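Engineer: Handing you this structure, nothing more for now.
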Amino acid sequence: MVFYILEFMRKHNFNAGPAILPASALQAASNAVLELDGIGMSILEVSHRSKEFEAILDEAKKLLREILSIPNDYHILFLQGGASTQFAMVPYNLLEDDKKAAYLETGHWAKKANEEAMMFGNVEIVASSADKNFTYVPKNYTIPKDAVYFHITSNNTIYGTQMHNFPQSPVPLAADMSSDFLSRRIDVPKFSLIYAGAQKNFGPAGVTLVIIKDSMLGKVKRKIPTMLNYKTHTENNSMYNTPPCFAIFAALHTLKWIKSTGGVSVIEKSNDEKAKRLYDEIDRNPLFKGTCVKEDRSKMNVTFVMQKPELEPEFLKTSEKAGMVGLKGHRSVGGFRASIYNALPIESVDALVGLMREFAVKHA
Ligand code: PMP
């Protein structure tokens, strides 16, 4: 019954994050807040050392390993502090004063990551798209062979670009995949470290996922505070301290939903179709224009503006009246941003496209 109400009453949720989650995960989370599997306690009340919670953590890890074919020499960690803490944790664990790390600067978050790394050693920005307000992904750069790692941001949440091909890196590749994790197939062995804040395609805010290759541990001589040392978490199965139990539970049910749809390859096809429908309309409709170069457009965060900016407030208002939320563009880009993450149904994209068409007729 609650499930029915949820589906029926839900907004067209284009939020950039926290963002739309599958109704089945919300239903499971909602049930478990009242009582977890008939044990007379809420998921919010069970001990993280209980067999019930250990089973949840183990299943989440197992499912993620299966869904992304993560090899056994990679650890899966459920941490806290968001992707922003990873900006520091990566160089803290991998970079030393006399060493160099390479960074690709593709947007706001990529910049934050490299600025943080500068506190720990030398940083070489191999290429940047700052010259054109991050509306493209740089290509044809050289990754220095003497870098201890090369850091990329797979999807640029704010400006709306995405790396559709990953570089062949001569040094370990580290990726912030916060905003496109689980949206497409990835070849995990290409990477030595992947991290993602959960609150887009993986679950609610509060848990941060790290996938780290065993050979990346113990790389620096410096002392690392316990909680910021990857080894602490690999050696304690993400349970050195109290993990974000509820967020992990909701993430488990998001993973179950991904599996039930047929897995990441099926999700990827659906994401391709959603993005195509929206970009086709942006390109066809004389009132709108995309903000990024076509070949680098994100399939997660679709950024666009209006040819006549004075019409933007009216379009936003119209969309809100039609039950759409989260379409206002980030202040550094303006216009609109439709985040079309995994759980957003294609019907929501069609509703937006329909609205854009009606608006064009009205303002012809
Ligand atoms: N990286 C990317 C690509 C992001 O989109 C975000 C947040 N939107 C972050 C990092 C920062 O994540 P958090 O808020 O979890 O620290």
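Engineer: Going 7 Å from the Cα of ALA205 in the Cα-to-Cβ direction, what parts of segment 76-96 have a backbone nitrogen less than 11 Å from that spot?
Structural biologist: Under cut-off, by backbone N: 82.
Engineer: Now for a separate question. List ASP146, ASP350 from most exposed to least, where exposure is judged by having the fewest other Cβ atoms within 10 Å. Provide the component values of the computation, followed by the final result.
Structural biologist: Values: ASP146 10, ASP350 15.
In order of increasing Cβ crowding within 10 Å: ASP146, ASP350.
Engineer: Find the Rg to Rh ratio for segment 88-139, where Rh is the Kirkwood radius over alpha-carbon pairs and Rg uses the same atoms. Show your work: numbers first, answer last.
Structural biologist: Values: Rg = 11.3 Å, Rh = 11.2 Å.
A ratio of 1.01.
Engineer: While we're on this one: With no solvent and one equal point scatterer per Cα, compute the Debye intensity ratio I(q)/I(0) for segment 27-261 at 0.09, 0.11 Å⁻¹ and report its log10, rounded to two decimals.
Structural biologist: -0.38, -0.56
Engineer: If we count other beta carbons within 10 Å of each Cβ, what is the order of VAL171, VAL361, VAL325, fewest first? Before the final figure, lay out the partial values.
Structural biologist: On the way: VAL171 17, VAL361 8, VAL325 13.
Ordered by Cβ neighbours within 10 Å, fewest first: VAL361, VAL325, VAL171.
Engineer: Based on other C-beta atoms within 10 Å, arrange PHE134, PHE315 from fewest to most.
Structural biologist: Ascending Cβ contact count within 10 Å gives the list PHE315, PHE134.
Engineer: How about LYS256: which aspartates and glutamates have a C-alpha closer than 14 Å to its C-alpha, ignoring those fewer than 8 places off in the same chain?
Structural biologist: ASP58, GLU59, GLU66
Engineer: Please give the contour-minus-distance gain from LYS221 to ASP73: 0.36 nm per residue of separation, less the Cα-Cα distance, rounded to one decimal in nm.
Structural biologist: Roughly 51.0 nm would be gained on extension.
Engineer: Now for a separate question. Would you mind telling me the antiparallel percentage of the DSSP bridges in segment 126-201, rounded to 5? All intermediate terms of the calculation are to be shown ahead of the outcome.
Structural biologist: Numbers: 2 of 9 bridges.
Given both bridge residues lie in segment 126-201, the antiparallel proportion sits at roughly 20 percent.
Engineer: For segment 264-362, take every pair of Cα atoms, bin their distances at 10 Å starting from 0, and report each bin as a whole percent.
Structural biologist: It works out to 15, 54, 28, 3, 0, in whole percents.
Engineer: Suppose every K and R has +1 on its Cβ and every D and E has -1 on its Cβ; what is the size of the dipole of the chain about the Cα centre, in Debye to the nearest 20? Spell out each step's value before the answer.
Structural biologist: On the way: 43 positive and 39 negative charges, 95 e Å.
Dipole about the Cα centre, nearest 20: 460 debye.
Engineer: Let me ask something else about it. List the aspartates and glutamates whose Cα lies under 12 Å from the Cα of LYS112, skipping any in the same chain that are fewer than 8 positions away.
Structural biologist: Excluding near neighbours in sequence, the set is ASP176.
Engineer: Further question: Counting Lys and Arg as +1 and Asp and Glu as -1, what is the net charge of the other residues whose Cβ lies under 13 Å from the Cβ of LEU63?
Structural biologist: On the way: positive: LYS61, LYS62, ARG65, LYS256, LYS259; negative: ASP58, GLU59, GLU66.
Neighbourhood net charge equals +2.
Engineer: Please compute the net charge surrounding ASP280, taking Lys and Arg as +1 and Asp and Glu as -1 over other residues with Cβ under 15 Å from its Cβ.
Structural biologist: Details: positive: LYS274, LYS276, ARG277, ARG284, LYS289, LYS294, ARG297, LYS299, ARG357; negative: ASP272, GLU273, GLU281, ASP283, ASP350.
Taking every Cβ under 15 Å from that of ASP280, the sum is +4.
Engineer: Here's another thing I want to ask about it. Where in segment 109-194 are there trypsin sites (Lys or Arg not before Pro) that are in a DSSP coil and have at most 10 other Cβ atoms within 10 angstrom of their Cβ? Working shown, then result.
Structural biologist: Numbers: sites: LYS111, LYS112, LYS132, LYS139, LYS145, ARG184, ARG185, LYS190; in loops: LYS139, LYS145, ARG184, ARG185.
In loop regions of segment 109-194 (DSSP not H, G, I, E or B), the sparsely surrounded trypsin sites (Lys or Arg not before Pro) are LYS145.
Engineer: Of LYS62/LYS259; LYS274/LYS299; LYS200/LYS328; LYS231/LYS259, which ones are farther than 19 Å apart at the Cα?
Structural biologist: Those over the limit are LYS231/LYS259.
Computed from the coordinates by the stated procedures, all read-outs in this text should not be read as laboratory data. Everything numeric here is computed off the predicted structure, so don't read it as measured data. Heads up, the Cβs are rebuilt from the backbone with ideal geometry, glycines too, and the neighbour counts pull from every protein chain shown.
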